[in-house]
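Novice: Let me begin by handing over the structure; questions about it come next.
Nothing in this text is a laboratory measurement; each read-out follows from the coordinates by a stated rule. Just so it is clear, the structure is predicted and the values come from calculations on it, not from any experiment. Every residue, glycine among them, receives a Cβ derived from its backbone with ideal geometry; neighbour counts consider all protein chains shown.
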Amino acid sequence: MTMIARIALWWVPLFFLLGLPCYGGGLVTISWSPTELRQGEVLSVVVKSETKIASVRGDLDGTPIFFHEREGGSLGGIAGVDLGVSPGPHPLRVSGEDPGGRPFKSVFQVKVRKGEFRVQRLTLPREMVELKEEVLRRVQEENRKVKKILLGIRREKFWHNYFVKPVDGSITGAFGLRRIINDQPRSPHSGVDISASLGSPVRSCNGGIVVLAQELYFGGKTIIIDHGLALYSIYMHLAEMRVRKGEEVKGGDVIGLVGATGRATGPHLHWGIRLMGARIDPLSLLRLFSSGE
Ligand SMILES: [Zn+2]
């Protein structure tokens, strides 16, 4: 990166975070957090105006951000930076109409830093790693089904700006961990593993609709909750599922019990988050929204 680009990167966010007028002449302020964003994290964007904003649209790198009304009349949206996104500046575009009906349009460069993902090398017997033909077919079918669910966009918003950790316990499997099994790189760990004793209650991290409650080959008893606006949470290896597909849940509701079903070495909860298909560190959502607003 050149020196000029670096100055521009700092100058543009500071200019708008200081609450100076935006393009179009209306008093519209655009801010985002965290300012230090890493791969696999969530970006929260807030658009404020002295009076009601007519409309706001936005995208991060071309992926739409859905804005919703927040308390106090401002508009907020979240964007996910997939753990595999290349580090460097990524354009955040925000446009709309200001209170006077005049259009505003801004492009910022959000700097994405490299995530700190560890590499774990494992050597396992071949029969544990290689899947039989019929198992492979089952896994592929399950993967297709889950992928399709996670790419769906429900326009209704069920989540609130307060996320809860689904189970008490320490993180034993970090997000983004790169496993290399018998010299073959596997897909990075797309959630966090929380250690907890068998049968501990697992709670929904926020409000939503259960869109999957099924036993999967790798994930074991798995629940997926659609929180609306392309945000999903995933809970795996459950001993018991306490909700059914189609059921509506609130944040904090018990949805199942910690177990070791599927491919698991001991009781723990695998908790994953997807936002517009991006694999997000659930802990980054907790950091951003754990105290309400
Ligand atoms: Zn896991």
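Novice: Calculated from DSSP H runs of 4 or more alone, at -39500 (n - 2.57) each and per residue, what is the 222 nm mean residue ellipticity of the chain, nearest 500?
Specialist: Per the formula, -4500 deg cm²/dmol.
Novice: Using Cα pairs closer than 8 Å and at least 6 residues apart in sequence, work out the relative contact order for the chain, in percent.
Specialist: Computed over the chain, the figure is 17 percent.
Novice: Can you work out the PRE-style zone for Thr172? Point 7 Å along Cα to Cβ, and I want the residues of region 181-202 with backbone N under 11 Å.
Specialist: 193-198
Novice: Counting residues in the chain as N, plug N into 2.2 N^0.38 Å and put the Cα Rg over that result.
Specialist: For the chain, the normalised Cα radius of gyration is 1.09.
Novice: Can you tell me the 0 to 90 degree angle between the C-alpha axis of helix 3-17 and the longest principal axis of the chain, rounded to 10?
Specialist: Between the helix axis and the principal axis of the chain, the angle is about 80 degrees.
Novice: Taking a ≥ b ≥ c as the square roots of the Cα gyration tensor eigenvalues, with a/c under 1.5 meaning rounded and otherwise prolate when a/b beats b/c, else oblate, which class fits region 111-178?
Specialist: Oblate.
Novice: Sticking with this one: Mind running the shape call on region 119-288? Use the C-alpha gyration tensor, a ≥ b ≥ c as the square roots of the eigenvalues: rounded below 1.5 for a/c, prolate if a/b tops b/c, oblate otherwise.
Specialist: prolate
Novice: Sort region 125-164 into rounded, prolate or oblate with this rule: let a ≥ b ≥ c be the square roots of the eigenvalues of the Cα gyration tensor; rounded if a/c is under 1.5, and if a/c is not under 1.5, prolate when a/b is larger than b/c, oblate otherwise.
Specialist: oblate
Novice: For helix 133-150, report the angle its Cα long axis makes with the longest principal axis of the Cα atoms of the chain; keep it between 0 and 90° and round to the nearest 10°.
Specialist: Long axis of 133-150 versus the principal axis of the chain: about 20 degrees.
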